[in-house]
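*Asks:* Before we start, here is the structure in question, set down as structure tokens.
Read-outs: derived from the displayed coordinates by stated rules, not from any lab. The structure displayed is predicted, hence computed values, not measured ones. All Cβ positions, even for glycine, are placed from backbone atoms using ideal geometry, and neighbour counts span all protein chains on display.
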Amino acid sequence: MLGWEFKETTPKQAIRINAVNVKGFNLIERLEGLGFRLEKVPFLKNGYWITAQKFSAGATIEYLLGYYSIQEAAAQIPATLFTDLKEKTVLDACAAPGGKTTQLADLMENTGAIIALDVKRRRLNALANQLERCKIKNTIVYPLDARQASKLGLKFDRILLDVPCSGNFATDKQWFKQRTIADVERNAKLQREILAETAKILADDGELVYATCSLEPEENEFNIDWAVKNLKLKVAEVKCHGEEAPTKIFGKQLDNSIKYCRRIWPGETQGFFVCKLTKG
Ligand SMILES: C[S@@+](CC[C@H](N)C(=O)[O-])C[C@H]1O[C@@H](n2cnc3c(N)ncnc32)[C@H](O)[C@@H]1O
């Protein structure tokens, strides 16, 4: 008998406060006054789970004014893993629809510069709308395949690779019926190509965060192992907002060449994989 249990899970909806836009008033009290019940996500500074609501979180004036974004709790983790972001030059290589771009801009307090890329032009419209709604001032958007990112002719202090992936069953109820091993292999190859290209434009003292919402080792640990062996990168310790990542959410640290990679198992959040890489 297996020592673990397979459970259906539906992640709770979460919001992230855009702290730069919320000054001089208490947004949480204001949202609670509208009938939302909010629970602080313990490992995030600005993340709250919605535990009760009278109407959609996307239908408030506060949302339209960019005071908060709707962003699942695990999806809020990757941007918090960078040690510092203010005044940095940041590449968000697979950026649309922009949940993490607006989070990066908020953590940067709109300083420095973000270059946000996506290969799908249509999805960049959604990204541009998010940037406008959240009053982001430090981001430039380009339609570009991340596998050609060196064409930008820039080096980056921070690179976020929230790569296209096979997803997971917690957010896609048809996952087991529809996904094939060929999808996983195709995505894993694309992810390695994006890793290889962006490693070339990481500054010598830079940090690269790799994230997927896939639970497949081919798209996660195997790719990181490949990057360590082939791209002269090493895996750095994962700290969330500079604090020790809680094992309950972030899984156990593995003691091997992919030490410090973290799996976030579906449960309190959706499934995610995160890893921070620096030059070896
Ligand atoms: C997981 S989603 C990114 C979500 C986004 N970071 C956010 O937080 O809202 C992956 C994105 O990668 C884009 N993509 C796929 N292939 C790409 C490529 N070769 N170069 C750049 N972007 C790519 C997809 O269009 C998709 O928007």
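*Asks:* Order of 24-33, 259-268 by packing, highest average Cβ count within 10 Å first?
*Replies:* Going from most to least packed, we get 259-268, 24-33.
*Asks:* Could you tell me whether the range 29-185 comes out rounded, prolate or oblate from its Cα gyration tensor? Rule is a ≥ b ≥ c as square roots of the eigenvalues, rounded for a/c under 1.5, then prolate if a/b exceeds b/c, otherwise oblate.
*Replies:* Oblate, since a/c reaches 1.5 and b/c is not below a/b.
*Asks:* Then there's this: Do any of Lys177/Lys232; Lys135/Lys173; Lys12/Lys137; Lys177/Lys279 go past 32 Å between their Cα atoms, and which?
*Replies:* Flagged as over cut-off: Lys177/Lys232; Lys135/Lys173; Lys177/Lys279.
*Asks:* Okay, moving on. Note down the magnitude of the dipole of the range 117-205 about its Cα centre, charges +1 on Lys and Arg C-beta and -1 on Asp and Glu C-beta and zero elsewhere, to the nearest 20 debye.
*Replies:* Using only the charged Cβ atoms, the result is roughly 380 debye.
*Asks:* Top mean-square fluctuation among Gln103, Gln174, Gln13, Gaussian network model of the chain, C-alpha springs under 10 Å?
*Replies:* Its mean-square fluctuation being the largest, the pick is Gln174.
*Asks:* Compute the distance from the alpha-carbon center of the range 152-173 to that of the range 46-101, in whole Å.
*Replies:* Result: 15 Å between the Cα centres.
*Asks:* What nm value, rounded to one decimal, do you get for the distance between Thr51 and Lys12 when each label is placed 7 Å out toward the C-beta?
*Replies:* Output for this residue pair reads 0.6 nm.
*Asks:* Among all cysteines in the chain, which have no other cysteine Cβ under 4.7 Å from their own Cβ?
*Replies:* For the chain, the answer is Cys94, Cys134, Cys165, Cys213, Cys240, because their Cβ atoms have no other cysteine Cβ under 4.7 Å.
*Asks:* Hey, another quick one. Which percent, nearest 5, of DSSP beta bridges in the chain are antiparallel?
*Replies:* 55 percent
*Asks:* Still on this structure, I have one more. Quick one: Kirkwood hydrodynamic radius for the range 154-237, alpha-carbon pairs, angstrom, one decimal?
*Replies:* With all distinct Cα pairs of the range 154-237 included, I get 13.5 Å.
*Asks:* Counting Lys and Arg as +1 and Asp and Glu as -1, each charge on the Cβ, what is the dipole of the chain about the Cα centre in debye, to the nearest 20?
*Replies:* 420 debye
*Asks:* With a 10 Å Cβ neighbour count serving as the proxy for reagent exposure, in which order, fewest first, do Tyr63, Tyr210 appear?
*Replies:* Tyr63, Tyr210
*Asks:* Another one. When a/c is below 1.5 the answer is rounded, else prolate if a/b is larger than b/c, else oblate, so apply that to the range 75-279 with a ≥ b ≥ c taken from the square roots of the Cα gyration tensor eigenvalues.
*Replies:* Details: a/c = 1.33, a/b = 1.21, b/c = 1.10.
Rounded shape, in that the Cα axes give a/c under 1.5.
*Asks:* How much FRET efficiency would the formula 1/(1 + (r/R0)^6) give for Phe222 and Glu132, where r is the Cβ-Cβ distance and R0 is 41 Å, rounded to 0.05?
*Replies:* 0.60
*Asks:* Along its three principal axes, how long is the range 14-70 when you only count alpha carbons? Whole Å, largest extent first please.
*Replies:* Principal extents (largest minus smallest coordinate, Cα): 26, 25, 17 Å.
*Asks:* While we're looking at this one, here's another question. With a cut-off of 20 Å, note down the residues of the range 146-173 whose backbone N falls inside the zone around a label point 7 Å from the Cα of Arg121 toward its beta carbon.
*Replies:* Counting only backbone N, you get 146-149, 151-152.
*Asks:* Can you divide the C-alpha Rg of the range 52-95 by 2.2 N^0.38 Å and report the result to two decimal places?
*Replies:* Its radius of gyration relative to the 2.2 N^0.38 Å reference: 1.54.
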